[in-house]
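The values are calculated or read from the model by the stated rules, or taken from the named source; none is laboratory data. All values derive from a computational prediction rather than experimental measurement. Neighbour counts are summed over all protein chains in view; Cβ atoms, including those assigned to glycine, are modelled from backbone coordinates with ideal geometry.
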Amino acid sequence: MERQSEAGRWDVTPSEAVELQRRLREQLVLRPPPGLKVERIAGADISTEKWKDTGFGGFVVLDLASLQPVAQSGAAVTLRFPYVPGLLSFRELPILEVAWARLSVRPDVVIFDGHGTAHPRRMGIACHGGLLLGIPSIGCGKSLLVGTHGPLGEARGSTTPLMHRGEVVGMAVRTRKGVQPVYVSPGHLMDLPTAVELVLAVSPKFREPETTRHAHRLVNALRRAGGEAAEVE
DNA sequence: GCGACAG
DNA sequence: ATCTTGTCGC
């Protein structure tokens with residue numbers, strides 16, 4: 001029940017956060033638990049307002065077979081860390097940690113809006129989030145933080161390796177014909193092939209995963225509704 | 001020193 | 001990410 005290590009340590013400066021990532025990296029498991037069966041898969045996202053310091057975050061759990069929502073949770077928390085490329089998890093996870101505690105239905109996998117190992121130190125928000133919550137996780141970003149890749153086929157389902165410093169850190173995946181690809185990378189308790197397979201399974205019609213789309217709508221609705229919902233400081 | 005830079 | 005109206009295209 002207690003989480004490992006310092007994955008939930010938020011009282012750090014950007015400089016300390018970088019060092020913390022180097023330590024957390026050693027705890028990552030880039031392999032799915034043996035016999036992993038995915039019945040429920042969740043999307044996580046946060047929404048912020050310009051000029052304000054409250055972040056609205058949440059999860060939406062979908063039934064993998066039908067892609068219909070079965071549970072959701074949200075939280076409004078004061079932001080305490082700036083957006084710094086490479087340190088996104090320190091800004092968003094404190095909010096998602098609260099929302100996670102309010103989620104009654106546990107998903108088998110969580111897909112984060114951002115990268116996993118496709119990160120300068122291989123510790124993107126999906127990796128950090130997976131360690132924090134102790135659950136298999138996937139990173140699915142809309143743009144690159146690091147890495148390059150070759151030509152990608154036009155058909156839906158086409159993939160090409162995302163390379164960084166000589167390593168395959170993720171995969172560019174075409175989830176829809178004629179549109180820009182999304183970038184998939186494993187977070188924790190996950191591997192690249194499984195991550196790509198799951199992202200394609202939850203993205204039958206649009207560029208982004210249904211999990212992400214649902215979570216995005218949820219947190220935007222929470223933000224527009226205002227901080228009436230119990231806010232956490 | 002210069003440019004890049006998830007959300 | 002957010003700030004913002006209309007507009008092009010399937």
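Suppose we keep only residues that are small (Gly, Ala, Ser) and in contact with a Leu (Cβ under 8 Å, 6 or more places away or on another chain) within region A:76-89. Which one would you say is farthest from DNA strand C (Cβ to nearest atom)? Reasoning before the result, please.
Step one: list which residues in region A:76-89 are small (Gly, Ala, Ser), which gives A:76, A:86, A:89.
Then drop every residue that is not in contact with a Leu (Cβ under 8 Å, 6 or more places away or on another chain), which leaves A:76, A:86.
Numbers: A:76: 13, A:86: 15 Å.
The residue in question is A:86.
Among the candidates A:114, A:139, the residue that is modelled with pLDDT of 95 or more and outside any strand (DSSP E or B) is uniquely A:114.
In summary, residue A:108 fulfils each of the numbered conditions (1) surrounded by fewer than 24 Cβ atoms within 10 Å (Cβ to Cβ); (2) within 13 Å of DNA strand B (Cβ to nearest atom) with the single exception of condition (2).
Among the conditions (1) among the aliphatic types (A, V, I, L, M); (2) surrounded by fewer than 20 Cβ atoms within 10 Å (Cβ to Cβ); (3) under 14 Å from the mean Cα position of the chain (by Cα), residue A:155 misses just one, which is (3).
Of the residues A:170, A:226, A:134, A:166, which single one is surrounded by fewer than 24 Cβ atoms within 10 Å (Cβ to Cβ) and either farther than 23 Å from residue A:75 by Cβ or of a type in the set (Asp, Glu) (or both)? So the residue among A:170, A:226, A:134, A:166 that is surrounded by fewer than 24 Cβ atoms within 10 Å (Cβ to Cβ) and either farther than 23 Å from residue A:75 by Cβ or of a type in the set (Asp, Glu) (or both) is A:166. Considered as a group, the residues in region A:90-124 that are of a type in the set (Val, Ile, Thr) and touching a residue at least 60 places away in the same chain (Cβ under 8 Å) include one that is nearest to DNA strand C (Cβ to nearest atom), and that residue is A:111.
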